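Worksheet: one structure, shown below.
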Amino acid sequence: MAARYIRMRAGAVDAIIRRLISRPGVAGLAGLLALLLGLPWLMGHRSPAGFELPLALASVALMAAAAWSMDRARARGAAAANAELARKQLMFRDELEQRLQVQSHLRESEARLRAIVDSAPIVLFAIDRDGAITFSAGVGPDPLGKKPGEALGWPASDLFRDHPGVVEGIRGALSGIDVHAELIQDERSFSFSLAPFRDTAGNTAGAIVVAVDVTERRLTEEALRHSVGTLKQVDQNRQALLRRLVDAQEEERRAIARDIHDDTIQSMFAVSLRLSALRNALDDAVQVEQLHLLEQSVQAATDRLRHLLFELRPAALDEGGLPAALREYLDVMKTENAIDVELETALEHSPASETQVIAYRIAQEALANVRKHARARHVECAVSAVDDGILTRIADDGVGFEDAGARPTAGHLGMVSMRERAEMAGGWFRVTSAEGKGCVVEYWIPDNEVGASRAA
């Protein structure tokens with residue numbers, strides 16, 4: 001039994017030694033030390049001494065702690081390695097997905113570009129730095145009469161030698177600048193856009209040429225130009241007709257004014273003198289009173305004729321221009337209607353005669369409306385040179401009216417004629433008013449012979 005027991009202990013000791021040798025580092029050394037100290041006791045040669053047994057137990061405990069520490073370190077290292085591996089795998093997967101997406105987008109873009117080039121009514125050329133055509137595509141009419149692909153390898157300058165503008169454009173594109181050129185082949189017209197393309201180093205590697213058939217656009221533009229020319233001619237004819245009408249109207253006004261001044265007013269003045277002489281020769285008080293009343297009627301008629309003469313063609317308009325005519329008209333308003341008037345003028349030079357006539361006629365109508373309808377106590381009139389024209393502003397403090405932009409009512413029909421007169425002259429007209437807040441009339445007339453001849 002003893003021998004068997006010894007063999008069993010020897011086998012256990014051998015297994016322990018093999019186990020300890022397999023452990024690296026501190027754990028293995030501590031285990032071997034504990035085994036050496038406890039070996040006599042394990043083999044049964046002797047009982048452990050007083051210090052040997054605690055030392056052996058401590059060594060075993062140290063061995064166990066070291067083994068546990070090493071296991072945790074290996075576990076942490078393995079976990080960290082697994083985490084790093086997972087992170088790298090995730091990064092690789094993301095990068096792979098991004099590259100696949102980019103490649104997919106590039107393929108889609110290339111397919112769309114190819115579809116556009118193959119379906120658009122254009123012809124696309126690529127020219128290398130030596131001037132040879134390396135690419136040709138498109139379904140539009142070829143300016144050279146060739147099918148796509150037939151021009152490959154040909155020098156572009158030879159193919160377009162009959163079109164120096166295109167050749168010069170190709171040279172410009174190969175030198176690094178964008179160029180546009182036109183080409184007319186038989187009855188067709190083409191617009192060329194030439195631009196350089198560069199390599200990764202930024203150097204010009206060739207040129208891209210896009211030729212678009214613009215024949216329909218050219219024909220449309222020509223038809224449009226013809227229509228515009230016709231409209232201009234019609235407008236010029238209308239302007240000439242309006243000029244003649246204006247001249248005829250003003251001349252008629254002058255003629256009527258001369259007749260009234262030289263004939264009618266003179267005749268009325270003669271009648272007044274004869275009535276005065278007859279009144280002085282009479283002794284009958286009743287007859288004298290009747291002649292006096294008749295003289296007053298003749299004088300009133302003469303005054304009305306003088307006012308009509310002023311309305312037809314004020315002499316101040318011919319002698320002193322627009323400012324003098326407006327001053328005279330405002331003075332009449334002040335005298336006859338007891339309206340306080342104010343005039344400001346800021347004209348750098350004397351406008352054209354037709355321009356002054358138009359501006360005066362509109363002001364005359366606006367001031368007549370003030371006299372008839374506004375019941376105003378104060379009127380301000382300002383004339384100034386603005387944007388190569390005459391800007392006139394007439395403001396009163398009268399009763400005003402609602403909705404100045406509405407359709408004119410009775411008494412305000414002059415608004416239509418004023419607006420039409422200004423717009424026919426190439427200018428504009430606007431009215432601002434409110435009930436109880438007066439009225440402001442503003443209009444602008446261009447100071448040029450063409451615009452001024454349109455209305456009066």
Check: Which aspartates and glutamates have a Cα lying under 17 Å from the Cα of residue 334, excluding residues fewer than 8 positions away in the same chain?
Finding: 303, 311, 342, 344, 365, 380, 396, 397
Notebook entry, point to check: Can you give the charge dipole size of segment 240-399 about its Cα centre, rounded to the nearest 20 debye, using +1 on the beta carbon of Lys and Arg and -1 on the beta carbon of Asp and Glu?
Noted result: 340 debye
Check: How are the C-alpha pair distances of segment 296-399 spread across 10 Å bins, as whole percents from the shortest bin up?
Finding: 14, 46, 31, 8, 1, 0
Next item on the list: Please sort 306-313, 167-174, 274-281 by packing, taking for each peptide the average over its residues of neighbouring beta carbons within 10 angstrom, highest first.
Entry: 167-174, 306-313, 274-281
Next item on the list: Indicate the gyration tensor shape class of segment 309-348 (rounded, prolate or oblate), computed on the Cα atoms with a ≥ b ≥ c the square roots of the eigenvalues: a/c under 1.5 is rounded; otherwise a/b larger than b/c is prolate and the rest oblate.
Entry: oblate
Checklist line | Furthest towards positive pole of dipole, 248, 323, 276, structure part segment 227-370, Cβ charges | finding: 248
Note to self: Taking the Kirkwood radius as the inverse of the mean 1/r across Cα pairs, report the Rg/Rh of segment 216-319.
What the structure shows: 1.50
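At R0 = 30 Å, how high is the FRET efficiency between residue 107 and residue 180 if r is their beta carbon distance? Nearest 0.05 is fine. Walk me through the intermediate numbers first.
Details: r = 32 Å, r/R0 = 1.08.
According to the calculation, E is roughly 0.40.
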Note to self: List the residues, sorted by chain then number, that are 5 or more residues from residue 428 or on another chain and whose placed amide H is less than 5 Å from its amide H.
What the structure shows: 444
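Every number in this text was worked out from the coordinates using simple rules, so none of it is lab data. Computed from a predicted model, the values in this text were never measured in an experiment. As a convention, Cβ positions derive from the backbone with ideal geometry for all residues, glycine included, and neighbour counts pool all protein chains shown.
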